[in-house]
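Before I ask anything, here is the structure I am working with.
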Amino acid sequence: MLLSLLFIPAFAAATASEAGTPSPLRQLSNSFAGIFEKAAPSVVVIEARSPSGQAAGGLPGGLEFFFRSPNGTPYRIVPDPQGESAAPPNIGSGFVFSKDGHVLTNNHVIEGATDIKVKLRDGRRLNAELIGADERSDVAVLRIEADNLTVAELGDSDAVRVGELAFAIGTPMELPYTFTFGVVSAKGRTLGLGGHYDEFIQTDTSINPGNSGGPLCDIDGRVVGINTLISGINRGVGFAIPINTAKNIAGQLLSKGHVSRPWLGISIASLEEMKQLRSMFEGLESGVVVRGIEPGAPAQRSDLAPGDVITKVDGKPVQIASDLQREVLGKQIGQSVELEVWRKGRTLRFMVPTGEHPDRVVRASTRPRKPSSPAAPPAMHGLSVEQATPEVLKKWNIAPQAEAGVLVTAVEPYSAAAVAGLQPGDLITEASGQKISTPGDLSKALSSADPERGLLVLIERAGAKTFAILSDLKN
């Protein structure tokens, strides 16, 4: 279709050449063939076997990884008489990116594999060693021992423009070295995949199961992305990890065996996601709400507080969560970011140093709870609270607090407090912008709250700071 649109007007000129000059159509054909001839020798076919024989499942929104079997079903284990698994290997793609035999691919291609084989364009089939993998970015580095390897030329994904031609080489439907082309449909595409890397190059280049880990190339045959996700099969909506991101991840895996990410230690949500709070942020058109601050995080050592709205980072407007995440991830660990914050109608600025993202996250729910005494009947819209004296905190295995507030000792099921997510053991330190020191302070704040807008309360839970919204306060 693209060829028809671009070159039908020049068809007459394409049927003949003048003075030996190739026609425009012939030049285009030679150019496409040259891209394949340049890039294909660096591309590899990956066979990964795991004890379970299971392929990865789907992702939100109908997205799928590329290496599932041609009929779309997960592999199943069928033991043979010798006790070995008869499950077929996961088939994916990759490409050589160093003379030392390092291969880039997707983590989901080799995840859980105990045996990894790599097939080269020249027919050699080699054992591959897993050097390192990063689940969050879905990047993995393998190593093979071989001479005379062709190394892929890596491009600059930041310089890629929407509308440029894009070319994929891989093993779709177990058909090795399949070459397809299209255009870059979008850049910086966010897909809401949680912990996965969440900014992709979108392309309409035909990619299917088996393309995972293979290169997305530009018109010069340089790799600008790693093909990773599709929406359905051959629908013209595919996604690739930008090569600049992959290079950074691979470099860290090679140099130190793991990936360090800068981190502020806050949980955030866009204003659009926080529809319940819109009336509390009148006049704000964009920004992200600080939902919580993790214990020991860099942000906890700053003046940032739950309920703040971050509107700019280093002077750049913040529209959605990924805007903030992108800027933070671009920093060196220890480098500070300037956050412009909206708080109760005032604009504040905080410098917050980035830290290294911890490898483990301890969930607050794992903290042991021990009630101090039989709780009073639930009151105040489903809440029972008690003065958070040092003695009471000790009985609940909670470290003494400088400004403790009141301790939640019970939450009535299906109450306003339960709907807001409050839990026994939470410390309420502030309500509607006012410090809470006694149960009477909280009762007063609840009685004066607007029943339609609800009451915003700040809480501490296992050292983490967050907030809750008590709504439906009519009764």
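The values are calculated or read from the model by the stated rules, or taken from the named source; none is laboratory data. Please read all numbers here as calculations on a predicted model, not as lab measurements. Ideal geometry is used to build each Cβ from the backbone, glycine not excepted, and the neighbour counts take in all protein chains shown.
Which of the residues belonging to segment 419-428 are surrounded by fewer than 20 Cβ atoms within 10 Å (Cβ to Cβ) and in contact with a strand residue (DSSP E or B) (Cβ under 8 Å, 6 or more places away or on another chain)?
Those that are surrounded by fewer than 20 Cβ atoms within 10 Å (Cβ to Cβ) and in contact with a strand residue (DSSP E or B) (Cβ under 8 Å, 6 or more places away or on another chain): Gly421, Gln423, Pro424.
Is one or more of the residues making up segment 169-176 surrounded by fewer than 19 Cβ atoms within 10 Å (Cβ to Cβ) and modelled with pLDDT of 90 or more?
Yes, segment 169-176 contains a residue that is surrounded by fewer than 19 Cβ atoms within 10 Å (Cβ to Cβ) and modelled with pLDDT of 90 or more.
Across segment 136-165, which residue is surrounded by the most Cβ atoms within 10 Å (Cβ to Cβ) among those that are touching a Pro at 6+ places or on another chain (Cβ under 8 Å) and closer than 14 Å to Gly94 by Cβ?
Ala152
Given the condition under 22 Å from the mean Cα position of the chain (by Cα) and of a type in the set (Ser, Thr, Tyr), answer yes or no: does some residue in segment 160-179 qualify?
There is no residue in segment 160-179 that is under 22 Å from the mean Cα position of the chain (by Cα) and of a type in the set (Ser, Thr, Tyr).
Same structure, new question: Restricting attention to segment 86-115, report how many residues are farther than 16 Å from Pro176 by Cβ, touching a Pro at 6+ places or on another chain (Cβ under 9 Å) and part of a strand (DSSP E or B).
Total meeting the criteria: 2.
Which condition from (1) free of Cβ contacts under 8 Å to residues at least 40 places away in the same chain; (2) buried (at least 23 other Cβ atoms within 10 Å of the Cβ) is the one that Gly251 breaks?
The one condition Gly251 does not meet is (2).
For residues that are part of a loop (DSSP other than H, G, I, E, B) and in contact with a helix residue (DSSP H, G or I) (Cβ under 8 Å, 6 or more places away or on another chain), scanning just segment 255-273, find the one that is modelled with the lowest pLDDT.
Of all residues in segment 255-273, those part of a loop (DSSP other than H, G, I, E, B) come to 257-261, 264-265, 271-273.
Checking the rest, the ones that are also in contact with a helix residue (DSSP H, G or I) (Cβ under 8 Å, 6 or more places away or on another chain) come to 258-261, 264-265, 271.
Details: His258: 84, Val259: 86, Ser260: 84, Arg261: 84, Leu264: 89, Gly265: 86, Leu271: 74.
Here the residue is Leu271.
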